[in-house]
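The values are calculated or read from the model by the stated rules, or taken from the named source; none is laboratory data. Since the model is a prediction, treat every value here as computed from it, not as a measurement. Virtual Cβ from ideal backbone geometry, glycine too; neighbours counted across all protein chains shown. SASA here: full protein model, heavy atoms, side chains in, ligands and nucleic acids out. Shrake-Rupley method; radii C 1.70, N 1.55, O 1.52, S 1.80 Å.
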Amino acid sequence: MKIAVIGTGYVGLVQGAALADVNHSVICVDKIKEKIIHLNEFCEGKRNDLPILEPDLPRLVKENNDKKRLIFTTDINQAVREAKVIFIAVGTPSNEDGSANLTHVKNVAQDIGRAMNYESDSPIYKIIVTKSTVPPMTYRMVHDTIAKETKNEFDIVSNPEFLAEGRAVKDCLRPSRIVIGTSNAKAASIMEELYEPFKSREVSILFMSNIDAEMVKYASNTYLAAQVSLTNAMANLSRELGADWRKVLEGVKKDIRVGRFVYPGLGFGGSCFPKDVRELIHTMEQHRPDSDDLSYVKMIVRQNEAQKGMFLPRMEKYFSGFEGKKFAIWGTTFKPETNDVRESAGVHMIKELLLKGAYVSVYEPSGSEQAMFTLSLDEKLKPHLSRLSFVSDMYEAVRNAEGLLITVEWNDFRNPDFLQVKNLLKKPVIFDGKDILNPRQMKEEGFDYFSVGRPDVLGYSQ
Ligand code: NAD
């Protein structure tokens, strides 16, 4: 089937490559010329990295481009004219008030409608699929925007994406579910044909209305976000009581009614949970303004914001303030195996420490460019950036630092050379924001060790 994917970011690029891999003919479009040049140079072998870091994606892109099933262009007109199914996979960031910014979606809908007018004498019926995460009822806006531009026949399908960064290729090739939102039988049948190769004994296609499908995405992410914030609330209480949350968790997770996605940490980040929960709150404010339901969902966000900075008072007490002191941070991405730093705990902690007058030395395995770019956009930080350095060696980062803060569970951070870390730090102290190190071992190695959900360990200063 001929497919166009508009927006070649984390979702569009992976989805486009996965669709090509099952023998569809895919044109990926982006408005950023440099991104398309980058992708084409990668395919021609002139460079070996992609604009995003995602395991197995380089192979998938290269193989399918070689087979001429996956191409990249900035020309949306050509892509729309050739395609039967057009995916919208552009970003939907939050506005100041928490609502979803649908400017990109609307612009693309307009472009699609206009491009449809330039078809040959016998225009083909098209399906426009919203892959972007959009608030309930957006399908109507997309429909009306296109209908204003063209008289050609089309339908809108709402098809939310559930991939998780860091395992996006696996998630797209073997999805947990395929949700197709449409009340039109013809559109449903074409979408079924398109997704047929992804079906399996465990994975069936769930057909529903557009609005049901739009709600599935927000409800799913809010469930997961609530799970994370409740986990962190329990971890915080366990620590205060002297209990070990990781042990408690072993018991809790034996109950199959409790989700699997429950690990203590410095809150959730990334491009989805924070934004999607905020957008759901905005929708609730319109429809259930005075309800406890609204307060409940708002509390997920508040718990999470506090969790990102939960080490600050503990560090302040331990180090007797931050002014003029140097701290090492390992990791700025919001999780391992990605270069996405959006709303990450690492970036949050860098900002906080700089604003409190500290020097910060950072080691980041994959997203240092993105982190530096994000930090450079913050006006408040500009006068403080001279106290920030990114280094390319994890041990170099800890040299002469007062302490080390781990914000994300990259494998390299799980079992470092502790002797080297100890010798390079001014004082052997580690704040572990992912509870990845073993407290008993930390004591034996002579570290003071602070985690999220377990009692403090004083292996050095006791
Ligand atoms: P992204 O910012 O990585 O990519 C979006 C791309 O769209 C960018 O490359 C941008 O240049 C391009 N774009 C914007 N306007 C355009 C236009 N008019 N024409 C052509 N290209 C245009 O975003 P993403 O992370 O891929 O997310 C896309 C959507 O999918 C969002 O709604 C997001 O909430 C949702 N989503 C994301 C994930 C995830 O893990 N990243 C998972 C599920 C759903």
Counting only residues in region 85-140 that are assigned to a helix (DSSP H, G or I) and closer than 19 Å to D276 by Cα, the one farthest from the ligand (Cβ to nearest atom) is identified as Y139
Qualifying residues in region 362-381 (those that are open to solvent by less than 60 Å² (accessible area, probe 1.4 Å), touching a strand residue (DSSP E or B) at 6+ places or on another chain (Cβ under 8 Å) and in a helix (DSSP H, G or I)) - the one modelled with the lowest pLDDT | S368
For region 175-260, which fully contained helices (runs of 4 or more DSSP H) count at least 2 residues that are under 20 Å from I128 (Cα atoms)?
-> 185-195, 210-241
Residue list for region 133-185, filter: of a type in the set (S, T, N, Q) and touching a helix residue (DSSP H, G or I) at 6+ places or on another chain (Cβ under 6 Å) = T133, T145, T150, N152, S158, T182
Quick check, is A109 of a type in the set (G, A, S), surrounded by 15 or more Cβ atoms within 10 Å (Cβ to Cβ) and modelled with pLDDT of 95 or more?
-> yes
Check off (1) over 30 Å from G357 (Cα atoms); (2) surrounded by 12 or more Cβ atoms within 10 Å (Cβ to Cβ); (3) of a type in the set (A, V, I, L, M, F, W, C) for L312 and give me the number that stays unchecked.
-> (1)
Does I329 satisfy the condition of being surrounded by 20 or more Cβ atoms within 10 Å (Cβ to Cβ), part of a strand (DSSP E or B) and of a type in the set (A, V, I, L, M, F, W, C)?
-> yes
In this structure, does E165 turn out to be in a loop (DSSP other than H, G, I, E, B), at pLDDT 95 or above and surrounded by 21 or more Cβ atoms within 10 Å (Cβ to Cβ)?
-> no
Within region 123-141, identify whether any single residue is within 26 Å of F198 (Cβ to Cβ) and among the charged types (D, E, K, R), and answer yes or no.
-> yes
Odd one out for A235, checked against (1) more than 25 Å from R140 (Cβ to Cβ); (2) more than 15 Å from the ligand (Cβ to nearest atom); (3) open to solvent by 10 Å² or more (accessible area, probe 1.4 Å); (4) touching a residue at least 60 places away in the same chain (Cβ under 8 Å) | (3)
Meets criteria (among the polar types (S, T, N, Q) and assigned to a helix (DSSP H, G or I)) for S271 = no
May I ask you to say which residue of R278, R302 is within 16 Å of the ligand (Cβ to nearest atom), open to solvent by 60 Å² or more (accessible area, probe 1.4 Å) and modelled with pLDDT of 95 or more?
-> R278
Options D244, D293; residue that is surrounded by fewer than 16 Cβ atoms within 10 Å (Cβ to Cβ) and out of contact with any helix residue (DSSP H, G or I) (no Cβ under 6 Å at 6 or more places or on another chain) = D293
